[in-house]
Amino acid sequence: MHISHPASEKHLEGGIKTSIQNQREAFEKQGISYTPRFSRDADILHLNVPTPRTYVQLRRAKRAGIPVVMHTHEIGENFQESFRLSTTFSPIVRRYVDFFYKRADHLIAPSEYAKRVLKQRGLNTPISVVTNGIDPDRLAGVYTGEYSPKSTIERNGEQESRLTVANASILFERKGLSDFTAVARQLQDVNFAWFGPRFNRFLTGSSVDKTIQQAPSNCVFPGFADDVRDVYTASDVFFFPTKSETEGISIIEAAYCGIPIVTRDIPVYEPLLEHGTHCLKGSSVEEFKNHIKLLQNDPELRKRLGENARELAEQFTIGAVGKELESVYQTTV
């Protein structure tokens, strides 16, 4: 079986870029033949992003009799609070992505939550749930303590011995940026670090810049980490206050690294992460603050949550992803 897998990673950021990289790693581990461009010789066309260019590719595949599989990274709900006016235009985005998804032969949802949202909107296209997955090689040595960071957060004096709370996300308000800085402001004896790229300022508006500029001195923004292991090695607690996700790769990576997690109580994590077992969930700045304070004062709880999260995350490796993708392709052909 040969897969046409066109995607220009250099034009993508965040979880979608990582998901595409993981898919291709999964292909290689599973022995699935693929080409990173559109091909009329393929048995399946697998698309990841709904753009005018990919719509042309979809139409060409249909005319050639090639079945189309499409990932549903974007469902509309996770578009809100990402770009300027994105909340206003999110209903249009829902109709736009549904237009694409109805024309595919098979859809891949990263979570049961994403599948449920699409089914509730009346999509009749078959949907399989396949995690975006994590690449263990990308995280090698963090859990065992064998990895030596290439870069560190600069701290002075007493800051060096403080608990460090970190996040790894694009700087969007949807990711919980204002809540992250608000919690940092209330916990001045804790270090906070948000790792991640700043998206195009014209598209995101001035609110992100304002939030960063007004952040307290114990909250830093080191930018993009060339080696993601530097992020997780620096983290005593992974704080992921995102407001909407179809899965969220960084939280699964943090779990795989055995880092205790504090996250928002949102539908996508209801069946996946159990409060008090794999993480601590909250819905407000006050709850987030209390959870982090609890972890700061209870090393045994940090250890237990981290070990449980690691055990859960082991089922999300790209080895399992490759087998599930192959099953979807065989069903679709």
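Side notes on the structure shown:
- For the range 211-321: rounded, prolate or oblate by the Cα gyration tensor [a/c cutoff 1.5]: rounded
- With the charge dipole of the range 235-320 set up from +1 on Lys and Arg Cβ and -1 on Asp and Glu Cβ about the Cα centre, the Cα lying farthest toward the positive end among the listed residues 290, 313, 256 is that of 290.
- Linear extension gain, residue 303 paired with residue 1, 0.36 nm per residue minus alpha-carbon span: 104.3 nm
- On Cα atoms only, tilt of 86-101 relative to the major axis of the chain in degrees: 30
- Gyration tensor (alpha-carbon) shape descriptor, the range 218-269, a/c threshold 1.5: prolate
- Axis of helix 318-332 versus longest Cα principal axis of the chain: the two differ by about 30°, to the nearest ten degrees.
- Gyration tensor verdict on the range 136-316 (Cα atoms; rounded if a/c is under 1.5, prolate if a/b is larger than b/c, oblate otherwise): rounded
- Label selected from (1) 37, 26, 15; (2) 35, 22, 18; (3) 30, 23, 19, the criterion being semi-axes √(5λ) of the Cα gyration tensor in Å as computed here: (2)
- When only Cα pairs below 8 angstrom with a gap of at least 6 residues are kept, the chain shows a relative contact order of 18 percent.
- Placing +1 on the Cβ of every Lys and Arg and -1 on the Cβ of every Asp and Glu, with no other charges, gives the range 136-316 a dipole of roughly 520 debye about its Cα centre.
- Net charge dipole size for the range 242-333 [Lys, Arg +1 and Asp, Glu -1 on Cβ; Debye, nearest 20]: 280
- Paramagnetic label zone (point 7 Å from Cα along Cα-to-C-beta, residue 270; backbone N under 17 Å) in the range 281-311: 281-283
- Calculated [222 nm] ellipticity per residue, helices only, for the chain: -12000 deg cm²/dmol; basis is -39500 (n - 2.57) per DSSP H run with n ≥ 4, divided by all residues, nearest 500.
- The range 136-316, relative contact order in percent, only Cα pairs under 8 angstrom and at least six apart counted: 23
FYI, it's all coordinate maths here, none of it is from the lab. Predicted, not measured: the structure shown is a model, and the values here were computed from it. Reconstructed Cβ throughout: ideal geometry from the backbone, glycine too, with neighbour counts over all protein chains shown.
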